[in-house]
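Participant: First the structure, then my questions, so here it is.
The values are calculated or read from the model by the stated rules, or taken from the named source; none is laboratory data. Since we're looking at a predicted model, the values are computed, not measured. Cβ placement follows ideal geometry from the backbone for every residue including glycine, while neighbour counts extend to all protein chains displayed.
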Ligand SMILES: *[C@@H]1O[C@H](CO)[C@@H](O)[C@H](O)[C@H]1NC(C)=O
């Protein structure tokens, strides 16, 4: 036990002491000056073969579900990996140096973008993000993003509604003859620190890679369900109670003359209550607003 620990300590020490800044510098000048690495070249030695790009999606949280605009906003990051045939080296020639971090604009990267995005197309990631490069050419790029996607939100069964939303990524300019998107994870990876949303719960997720008429895409699907308790406690329960109150009209003796006043009071409480409530309902199918109108104009 002791000896293995000692060995690990020494091997770490050895690597640490042997790699110097000059190793990194000579590697960088080998790659970028001698080999003149060009970010415009699709990094395949065989340019007739497509480049395989693997995408997985880590969800950090649901930011917004907008029924009016039919928009889902999620926050998360993509893990995009591929093999760059032109960024390889022999670690032994650089004292065991086997990895590098390079700014994302210094390497070729696929033009992955949202297919069903809500706003205009944007480049993923940002200048300060660095990609991880291994000596074998394996590259990992992790752009963090707020994704705004179109989603068909039908609140017919409000507040017990459930929605299925897709987040689709494609290589925007290339056909599947040049770039093939794949997905090895079996769904959206929910981050350990997933921020729970007050109103929505993620019930399931899945991922599939699709291939349609020379367009290769990866589709992440997320199923969200509204947490109904808030709506039940604040809307449905008070309405039932008011309706029950209305029934007690018949308990009031007819000859006291209080029946009419009582009924009108309860109806007016309905109207006032629904005015307050209608602000917190999804606006697309606001049936309560309709009822409220009927109530107000019929009383
Ligand atoms: C290049 O890729 C194409 C398509 O996959 C394949 O048909 C061809 O044999 C490859 N060429 C070489 C030299 O490997």
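Participant: Could you name every one of the helices (runs of 4 or more DSSP H) located completely within the range 199-299 that has at least 3 residues being at pLDDT below 85 and surrounded by fewer than 16 Cβ atoms within 10 Å (Cβ to Cβ)?
Facilitator: 287-298
Participant: Something else now. Of the conditions (1) surrounded by fewer than 16 Cβ atoms within 10 Å (Cβ to Cβ); (2) in a loop (DSSP other than H, G, I, E, B), residue 42 clears all except one; give me its number.
Facilitator: Of everything listed in (1) surrounded by fewer than 16 Cβ atoms within 10 Å (Cβ to Cβ); (2) in a loop (DSSP other than H, G, I, E, B), residue 42 misses just condition (1).
Participant: Can you name the residue in the range 110-145 that is free of Cβ contacts under 8 Å to residues at least 40 places away in the same chain and surrounded by 15 or more Cβ atoms within 10 Å (Cβ to Cβ) and is also farthest from residue 37 (Cα to Cα) among such residues?
Facilitator: Among those residues, the one meeting the criterion is 117.
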